Amino acid sequence: MLVSRFKESLGKSKGRQSLYAHSLSSTQIALQVAQMAGERPGPRLDRLVFATFIHDVGKLDPNFQAMLDAVSKGEKLPAKKVKHEASTFDYELPQLVLGSKEEIQKELQEALGYRLDLASLDGAMEHIWAFAVSHHGLFYLSYERGRDRVLRPLIRRQWTSFYPNEERRITLVDLLFEYHPLGGLVMISDLVASYCYEKGKDYQALFGQTRSLGELVEMMIERADEVEEARDYGVKETMMLVGGGLR
């Protein structure tokens, strides 16, 4: 199931970090950030924690795995290059996530001591998919009705474009409002986990330098040039959006 797939797959090319290790560290950071923000246990936190753990499920795309493998070995990149967020709905990955809820629940309990109530996820999967799709600020979730009249979730990139078959959408901005002040939790946790791993830093030291969620985001904005290395999605600008209204 998903946990074993994560353990067998690459999450980072540097040091060939497993997808499981990255996902777990991101979730651990998310819990600490949520505590810093004063978030109490409950359905909302359950959804955010689950979303953080599965946010990189698109990295299971074989094409993305081939890219990470090539970079880790210093080889030429494959001809087909993909953005992993855009693969969230490919290769039956949603079915994999949905079929692994109990496994994820058990793993979070054993690894982090976090008790996830699966009932909290009822009716929340649209937001959980949106967190996965939008966690780099590049894509959003669009619900469009095809010629067969079936409403399906699609991943779109141009926020300012409207599609004739689109009936509704969920963007990063929607999540920021809906889950304020933790609408950017998945993005922040992923970024901190990646930054600390790639730079050999202890994320606890970062938390030791900040007293609030707003200060943590401000620190990441100040270090954007360092964080931005090997990324192409405007970390500084995206974090400024996430940090709006935070103290």
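What's the number of the condition A193 fails, among (1) closer than 20 Å to A51 by Cα; (2) touching a Lys or Arg at 6+ places or on another chain (Cβ under 8 Å)? Just one mismatch for A193, condition (2). Entry remark, region 21-60: residues being surrounded by fewer than 21 Cβ atoms within 10 Å (Cβ to Cβ) and within 30 Å of K76 (Cβ to Cβ) number 2 in total. The residue pairs whose first member lies in region 203-219 and is over 19 Å from S25 (Cα atoms), whose second member is of a type in the set (G, A, S) and at pLDDT below 90, and whose beta carbons are closer than 9 Å, counting only pairs six or more residues apart or on different chains, are G214/G243; G214/G245; E218/G243.
Pairs are defined by a Cβ separation below 7 Å, a sequence spacing of at least 6 or placement on different chains, a first member in region 46-75 that is in contact (Cβ under 8 Å) with a residue 60 or more places away in the chain, and a second member that is polar (S, T, N, Q) and not in a helix (DSSP H, G or I); the pairs so defined are V57/T88; G58/T88; S72/S13. Considering region 168-221, the residues that are within 30 Å of V150 (Cβ to Cβ) and of a type in the set (F, W, Y) include one that is farthest from the chain's Cα centre (by Cα), namely F177. Can you confirm whether Y163 is more than 13 Å from H136 (Cα to Cα), modelled with pLDDT of 85 or more and not in a loop (DSSP other than H, G, I, E, B)? For Y163, the condition - more than 13 Å from H136 (Cα to Cα), modelled with pLDDT of 85 or more and not in a loop (DSSP other than H, G, I, E, B) - is not met.
If you check D225 against the conditions, is it over 14 Å from H135 (Cβ atoms), over 17 Å from the mean Cα position of the chain (by Cα) and not in a loop (DSSP other than H, G, I, E, B)? Criteria met by D225.
A quick yes/no check of all residues on (1) modelled with pLDDT of 90 or more; (2) more than 14 Å from V33 (Cα to Cα); (3) exposed (fewer than 12 other Cβ atoms within 10 Å of the Cβ):
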{"site": "Y195", "(1), (2), (3)": "yes, yes, no"}
{"site": "D202", "(1), (2), (3)": "yes, yes, yes"}
{"site": "A205", "(1), (2), (3)": "no, no, yes"}
{"site": "M219", "(1), (2), (3)": "no, no, no"}
{"site": "K236", "(1), (2), (3)": "no, yes, no"}
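Being out of contact with any Asp or Glu (no Cβ under 7 Å at 6 or more places or on another chain) and either among the aliphatic types (A, V, I, L, M) or farther than 30 Å from R40 by Cβ (or both) is the filter here, so list the residues in region 168-183 that pass it. Even if it seems obvious, please write down each step before you answer.
The first filter runs over region 168-183 and keeps only residues out of contact with any Asp or Glu (no Cβ under 7 Å at 6 or more places or on another chain), leaving 168-169, 171-181, 183.
Correct list: L172, V173, L175, L176.
When region 83-104 is limited to residues that are hydroxyl-bearing (S, T, Y) and buried (at least 16 other Cβ atoms within 10 Å of the Cβ), the one that is nearest to P153 (Cα to Cα) turns out to be T88.
Restricting region 105-147 to residues that are charged (D, E, K, R) and closer than 30 Å to E237 by Cα leaves a set whose member that is surrounded by the fewest Cβ atoms within 10 Å (Cβ to Cβ) is E126.
The values are calculated or read from the model by the stated rules, or taken from the named source; none is laboratory data. This one's a predicted model, so the numbers in the text were calculated from it and none came from an experiment. Quick reminder, even Gly has a Cβ in these numbers, built from the backbone with ideal geometry, and neighbours come from all protein chains shown.
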